[in-house]
Every structure is written in C-alpha cells, then in structure tokens.
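Every number here is computed from the coordinates shown, using simple stated rules; none is lab data. Here the structure is a predicted model, which is why all the values come from computation and not from measurement. Backbone-built Cβ (ideal geometry, glycine too); neighbour counts: all protein chains shown.
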Amino acid sequence: MKKLLLILSIMLFSTSLFSQVSIGFTVGCNLSKVKKEVDYESNPALIVPEKETQKTGCGLIIGVPIEIAFSKKIALYSAITYHQKINKSESSYYFFDSYNHIDVAERYNYLELPIQAKYYFVKRTFGLYVLFGPSAGCLINGNFKLDGYTDDGTGEITYITFDRKIKWKDLKNSGIKRFDLGLVLGGGISYKAGKGDFFLNINYNHGLINMVDGDEYDVYKGVTIKNRGVNVTCGYLIPLSR
C-alpha cells in the first residue's frame with residue numbers, strides 16, 4: 001500500500017510539473033451521413049422502399065478546446081462543443097396504387113465531449129499530429145422536416161410538408177436516444193503565432209450507438225441508425241502558463 005501511494009504521488013507530481021494546459025476556441029463543420037439498416041422481416045409495418053438514399057448534411061461545430069501536454073510528443077485533447085448532426089435522406093415507395101416520394105432533413109443538436117490522445121510527429125513552429133479516442137454526446141434538441149408528394153396515378157398530385165421542432169422536453173417521447181457515443185480518429189496541423197497556436201483538425205467520427213429506440217417504439221422496431229461524420233475544425237489554443 002505504501003509503495004502504491006508513493007507511485008501515485010510521484011505520478012501526480014510529475015503530471016503537475018511537466019504538463020502544460022492550454023485552452024482556446026474552435027469552430028468548424030460536421031459533414032454527416034448516417035448508416036441506416038432496416039430488418040423489414042422483424043417489422044411488417046415498415047414499407048420497403050423502391051429506392052432510398054442517405055445524403056450528406058453539413059452542421060455547425062463551436063467549442064472550447066482544452067489540451068494537456070505531458071511532453072513535447074504526447075498530450076490529451078478535449079473540447080466542450082455544440083455539435084450539429086444533420087441527417088438527410090430521399091426515398092420513394094408504392095403504397096397500394098400510389099407512388100410516394102419523400103425528402104427528409106433532420107438536425108440534431110448535441111453537446112459533445114471528445115477525449116482524445118494526441119501524438120505529435122513534429123512540434124516546432126509547425127506541428128503535425130494524430131488524434132484518437134472516444135467522444136460522448138448529449139442530445140439537447142433538434143428539428144425534423146419532411147417534403148414530399150403522392151401521385152395516385154390519375155394525374156392528381158398531393159404535396160406534403162411537415163416541419164417540427166424537437167425540444168428537450170419532447171425527447172423522452174420521441175424515440176430518439178439522448179446519449180450518443182463514437183470513436184474519433186484524425187489528425188491536424190498547428191502553427192505557432194503569438195502566445196498560442198492556430199490549429200486545423202480533420203477527424204472521422206464513427207458512431208457506436210443506435211440513435212433510435214426500437215424496443216420502446218414500434219415505429220423504430222428493426223431499424224438501426226448510427227451517426228457517421230467527418231469534422232473539419234480550426235481554432236486557437238493559448239497556454240495558461242509557461
């Protein structure tokens with residue numbers, strides 16, 4: 001026990017002695033495109049589409065990054081971010097004798113917290129590094145928009161438009177899970193300017209959790225939707241001390 005306490009004390013002292021904490025701001029975009037899988041056999045109520053395409057959406061990222069450098073090569077990177085994940089899809093299907101076409105745009109706003117290991121290949125005036133680690137998100141609100149039309153085959157076309165904001169209080173009964181978790185892999189470059197460093201990060205976020213709850217909501221039974229995205233962000237980090 002005494003040896004363990006001694007080792008822990010040395011680690012804490014070393015961290016406080018050699019670590020350098022930097023804080024700053026970051027802004028960028030999230031190029032998102034969900035991965036959707038549907039088991040139609042497990043849910044006969046779902047209509048099999050003639051064609052369905054998942055599209056790429058562009059969402060905003062704004063945050064406060066924090067970096068803890070333990071050496072010239074190794075650091076811990078995190079950021080409290082407002083993170084928009086936009087899902088777009090286009091589908092068409094037949095329902096009895098009617099042809100239906102639907103465009104859907106969903107925007108989900110998350111508070112995201114990545115915790116990534118950061119390794120510098122080069123750290124001088126220009127820096128070059130890689131990033132890897134998990135990222136957890138909490139859904140705070142969103143928006144669901146649908147545009148489409150129905151052609152009954154007689155030449156009469158009915159247009160459909162639906163636009164709904166999803167508030168925090170509505171999430172409990174929406175079938176969309178509040179918690180999201182993914183793995184992030186990426187890298188970036190930095191440039192020393194003034195007291196701090198400008199940086200540019202490009203990361204791939206691989207969602208691990210099904211966004212929808214098929215166990216509680218029949219409309220999502222047999223449906224698996226996972227977030228995917230490429231994040232491009234830039235910002236500035238300022239060390240708190242030298």
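Taking the Cα centre of the chain as origin and charging only Cβ (+1 Lys, Arg; -1 Asp, Glu), how large is the dipole, in debye to the nearest 20?
For this selection, approximately 2180 debye.
Could you tell me how far the Cα centroid of segment 147-168 sits from the Cα centroid of segment 121-139, in Å?
For segment 121-139 versus segment 147-168, the Cα centre distance is 43 Å.
Across all directions of projection, what mean area in square nanometres is found for the Cα convex hull of segment 115-242?
Quarter of the Cα hull surface area: 12.8 nm².
Among residues other than G229 whose Cβ falls under 9 Å from its Cβ, what is the net charge (Lys/Arg +1, Asp/Glu -1)?
Result for the neighbourhood of G229: +3.
With n ≥ 4 as the cut-off for DSSP H runs, can you work out [θ] at 222 nm for the chain, using -39500 (n - 2.57) per run divided by the number of residues, rounded to the nearest 500?
-2500 deg cm²/dmol
Which is farthest toward the positive dipole end of segment 25-174 among N87, T154, Y119, measuring Cα position about the Cα centre, with Cβ charges +1 (Lys, Arg) and -1 (Asp, Glu)?
Final value for the positive-end residue is Y119.
Taking neighbour Cβ counts within 10 Å as the exposure measure, how do R124, R178 sort from fewest upward?
Ranked by crowding around the Cβ, least crowded first: R124, R178.
Across every pair of different alpha-carbon atoms, what Kirkwood hydrodynamic radius in Å does the chain reach?
20.6
Which shape class, rounded, prolate or oblate, goes with segment 20-88 when its Cα gyration tensor gives a ≥ b ≥ c as root eigenvalues, a/c under 1.5 marks rounded, and past that a/b bigger than b/c marks prolate?
prolate
Mean 1/r over all different Cα pairs, inverted: what Kirkwood radius does segment 81-160 give, in Å?
16.7
Just rank I102, I86, fewest to most, by other beta-carbon atoms within 10 angstrom.
Lowest to highest Cβ neighbour count: I102, I86.
Could you give the semi-axes, largest first, of the ellipsoid that matches segment 28-147, computed as the square roots of 5 times the alpha carbon gyration tensor eigenvalues and rounded to whole Å?
One finds semi-axes of 41, 14, 13 Å for segment 28-147.
Give me the angle, in degrees from 0 to 90, between the Cα long axis of helix 2-18 and the longest principal axis of the Cα atoms of the chain, rounded to the nearest 10.
Helix 2-18 sits at roughly 90 degrees to that axis.
With a 10 Å Cβ neighbour count serving as the proxy for reagent exposure, in which order, fewest first, do F96, F70, F144 appear?
By the 10 Å Cβ count, ascending: F96, F70, F144.
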